[in-house]
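Step one of this worksheet: look at the structure below.
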Amino acid sequence: MKVVFAGGGTGGHINPAISVANYIKSKEENFEALFIGTKRGLETRLVPNAGYNIEYIDICGFDRKNMIKNIAVVKKLIKADHDCVKLMKEFKPDAVVCTGGYVSGPVALAAHKLGIPSLIHEQNVYPGLTVKGSEKYVNYVAVSFPETVNHMKMPEKCVVTGNPIRAELLKTDYVSARKKLGLSDKPFVLVFGGSLGAEKLNNAMIDVIKKIGNDDSVQLLFGTGDRNYETVQSALKGVGYSECIKVVPYINNMSEAMAAADLVISRSGAITLSEIAALGKASVLVPSPNVVRNHQEQNAREFERIGGAAVVLDSELSGDLMYEKIMSMTADRDMLKKMSENVKKLAKVDALEEIYKLVKKMQK
C-alpha cells in the first residue's frame, strides 16, 4: 500500500499523520509513505525523524485581515496544486490522508484531479477553513466529535473516528517511563505550550521557576517551543534553580514524559487533550485565545466539567497563580488520582484503527 500524507505547520497536524502512517505500517507488509509539507513547519524535523520521506511545496494560509496579501496566496496555491499533481503522478499512491493545516488543501485537490481516493481529518469540534474547503474533494471527512458533523455541508461524508493517538503513548507505562527519565518518587510536572510554544504561558513559567528556586519538592520538565527557547533562557540567566527542573526547546520524548507525569500543564488543543484523556492525566489547561470560535476553551471546559482539569484563561494567567496551582495540586495526591479517574471517561483510543479501516475501504 502506498499512501501520501499531508499535514504541516504545527505538531498538532503532523503528529496525527505520523501516527496514522505508523499504524498502517504495522498492518501492511508492503507499505510506503510520502509526506508533503512546507519548509517552514515542524514537519522538516518530525517526519524525517520518524523515518519517512517528505517533499515540500510552497504554500501559506489566507490572511483574514489583509485581503490584498491573498493575491500572492492564490498564486502560491495554483503553483502548489501543480506541484502536488506532479508528485502524485510520480509516487502513484493508492490513497491520500490529510490531517489539516493549509498544506492539506492543494494535496486534496490534486488527489481529486487524479482520481485518487482521499480523506481529511478534523481534530477540533469546529472545522477549519482547509477542512471545509476540502470536503467536496475527498471521499471521507474523519471527525473527532459527533457535533462536528453539524458544521459540515456534506455530512454524508463524515465518519466519527476520534483523534489519532500515538501508539507509543499507549504502550508506555507510568513506572517504566519514570525510571527511563531518571525521576524520583516526587511529583513530576510536565509543561508545554504546543510545538511552537506559548509566550504568555512561558512568561508565567519563568516566574514559577524563579519562585521554586532550589526547592526540589517537585520535578518539572518545561518545553518552551523552538521559537521562544532563547528568550526563556535569557530571562533565566543568572537564576539559580533546582536540578529537578529541566528547560528544553522541544520535548522529543513526549510519550515517556506524558506517561511519567503526575500533572500536565498545557494548551487545550484537541490532540493534546485526547492524549491527556487516554493516559488519565490530571491537568491545568490554558486555552489559546487565538483560535477560531474559541474551540480550545470549549474543549478545556468539558474536562473541567467532569472534574478532570483546572482551567486558567490567558487573561488570568500569572506566575503567582501558576505557582499556586502547581504546589497545591502536586501536594494533594488523592485529588490527582480522582482527576485521573474522571478524565479517563473522555478517552477514545481506537481512532487509528478506524482511520485505517477508511483507508482500506477507499482502496476497494
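The values are calculated or read from the model by the stated rules, or taken from the named source; none is laboratory data. Just so you know, these numbers come straight off a predicted model, no measurement behind them. All Cβ positions, even for glycine, are placed from backbone atoms using ideal geometry, and neighbour counts span all protein chains on display. Heavy atoms of the whole protein, side chains included, go into the accessibility calculation; ligands, DNA and RNA do not. Shrake-Rupley method; radii C 1.70, N 1.55, O 1.52, S 1.80 Å.
Details
- Here's how it looks for PHE188: its modeled amide H is under 5 Å from those of GLN219, ASP262, LEU263, which are all 5 or more places away or on a different chain.
- Pairs beyond 28 Å (Cα-Cα), from LYS113/LYS157; LYS171/LYS200; LYS75/LYS113: LYS171/LYS200
- For ILE57, the accessible surface of its heavy atoms amounts to roughly 10 Å² (probe 1.4 Å, protein chains only, rounded to the nearest 10).
- The chain: angle of helix 270-279 to the longest principal axis, Cα-based, in degrees nearest 10: 60
- Between ILE245 and LEU220, the built amide H atoms are under 5 Å apart, and every one of these is 5 or more places off in sequence or on another chain.
- Helix 11-27 and the longest principal axis of the Cα set of the chain meet at an angle near 70°.
- Theoretical ellipticity at 222 nm over the chain - DSSP helices of four or more residues, -39500 (n - 2.57) apiece, nearest 500: -13000 deg cm²/dmol
- Accessible carbon and sulfur surface of the chain relative to its total accessible area, %, 1.4 Å: 51
- Scanning residues 5 or more positions from VAL284 or on other chains, those with amide H under 5 Å from its amide H are VAL264, ILE265, SER266, ALA310, with H placed 1.01 Å from N in the peptide plane.
- Debye equation applied to the C-alpha atoms of the chain, log10 I(q)/I(0) at 0.07, 0.09, 0.10, 0.15 Å⁻¹: -0.31, -0.51, -0.63, -1.30
- The convex hull of the Cα atoms of region 208-357, projected and averaged over all directions, covers 10.0 nm².
- Seen from LEU263, the other residues with C-beta closer than 14 Å to its C-beta sum to a net charge of +3, counting Lys and Arg as +1 and Asp and Glu as -1.
- Each Lys or Arg adds one and each Asp or Glu subtracts one; over the other residues with Cβ under 14 Å from the Cβ of ASP83, this totals +3.
- Taking the centroid of alpha carbons for each part, region 168-204 and region 213-257 are 11 Å apart.
- Nearest-ten-degree value, helix 295-305 long axis tilted from longest Cα axis of the chain: 50
- VAL138 - accessible surface, heavy atoms, 1.4 Å probe, Å² rounded to 10: 0
- Rounded accessible area per residue of the chain, 1.4 Å, Å²: 45
- The trypsin sites (Lys or Arg not before Pro) of region 123-202 that meet both conditions, a loop assignment by DSSP and at most 13 other Cβ atoms within 10 Å of the site Cβ, are LYS136, LYS153.
- Local net charge near GLY7, Cβ-Cβ under 12 Å (Lys/Arg +1, Asp/Glu -1): -2
- Restriction of the GluC sites (Glu not before Pro) in region 284-323 to DSSP coil positions whose beta-carbon has at most 16 other beta-carbons within 10 angstrom yields GLU316.
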